[in-house]
Amino acid sequence: MSRPNVNFCLRCGHALEDALHAGRMRRACPSCGFIHFDDPKVAAVVFVLDQNRALMVQRGVSPELGKWALPAGFIDYGEDPREAAIREVREETGLIVEVSALIDVLGGDSSGSASIVILFEGRITGGDLKPDDDVTEARFFSAAELPFDQMASFASTRLLIDRWLNGA
Ligand SMILES: [Zn+2]
């Protein structure tokens, strides 16, 4: 799903046109010179282990409604990515974590809702497991219990689960 065109100037309201800017086609305003840039949406995903079981959430929203994924969400404008990771885990699962590692950064994907995904590892420091926000259930899975047939197809979830199963 690519983004729809932006049709009107955010600064003056004039209709935008396609225009070549520094070698790339952009939406530009012929009236005031404003150039629209599609900024990436950035998400944080958190892998949390407890007694060698992985924390997963069942999604209560699209995409991948009803599927199991790792706690994740969009980073707000101006928000520290680590703070966003901690916030998402708290909102979705009730657990308090600290970020213990930066695992990877995925990018270049224009098919989903986030084009850059930052993968963190979190360590539980408090809280009580209770699903909330946009998830319907939150629980820990041992490697043998993982819900592969109901797992979200997000590259981030697959990568982190594979990494865990491969002993990283
Ligand atoms: Zn304009």
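The values are calculated or read from the model by the stated rules, or taken from the named source; none is laboratory data. It should be emphasised that the depicted structure is a prediction, and the values quoted were computed from it without experimental measurement. Here the Cβ is made from the backbone with ideal geometry for all residues, glycine too, and neighbour counts use every protein chain on show.
PRO4 falls short of the stated requirement of being out of contact with any Pro (no Cβ under 6 Å at 6 or more places or on another chain), away from the ligand (no atom under 16 Å from the Cβ) and closer than 26 Å to ASP149 by Cβ.
To keep it simple, each residue is scored yes or no on (1) assigned to a strand (DSSP E or B); (2) surrounded by 13 or more Cβ atoms within 10 Å (Cβ to Cβ); (3) at pLDDT 95 or above.
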site	(1), (2), (3)
ASN5	no, no, no
GLY13	no, no, yes
ASP39	no, no, no
ALA44	yes, yes, yes
PHE47	yes, yes, yes
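Taking first residues from the range 22-36 that are in contact (Cβ under 8 Å) with a residue 40 or more places away in the chain and partners that are in a strand (DSSP E or B) and within 16 Å of the ligand (Cβ to nearest atom), no Cβ contact under 6 Å between residues at least 6 apart in sequence or on separate chains turns up.
Any chance you could count how many residues in the range 67-89 are within 13 Å of the chain's Cα centre (by Cα) and either outside the structural domain of GLU137 (by TED's automatic domain parsing) or within 20 Å of ARG163 (Cβ to Cβ) (or both)? Total satisfying the criteria: 9.
For (1) β-branched (Val, Ile, Thr); (2) in contact (Cβ under 8 Å) with a residue 60 or more places away in the chain; (3) in the same structural domain as ALA155 (by TED's automatic domain parsing), each residue gets a yes or a no:
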{"position": "ASN5", "(1), (2), (3)": "no, no, no"}
{"position": "CYS9", "(1), (2), (3)": "no, no, no"}
{"position": "GLY60", "(1), (2), (3)": "no, yes, yes"}
{"position": "GLU64", "(1), (2), (3)": "no, yes, yes"}
{"position": "GLU91", "(1), (2), (3)": "no, no, yes"}
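For the range 19-36, the criterion of being more than 15 Å from the ligand (Cβ to nearest atom) and in contact with a strand residue (DSSP E or B) (Cβ under 6 Å, 6 or more places away or on another chain) is satisfied by at least one residue.
Yes/no matrix, rows are residues, columns are (1) over 21 Å from the mean Cα position of the chain (by Cα); (2) surrounded by 15 or more Cβ atoms within 10 Å (Cβ to Cβ); (3) within 24 Å of ALA101 (Cα to Cα):
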{"residue": "GLY127", "(1), (2), (3)": "yes, no, yes"}
{"residue": "GLU137", "(1), (2), (3)": "no, no, no"}
{"residue": "PRO147", "(1), (2), (3)": "no, no, no"}
{"residue": "GLN150", "(1), (2), (3)": "no, no, no"}
{"residue": "SER156", "(1), (2), (3)": "no, yes, yes"}
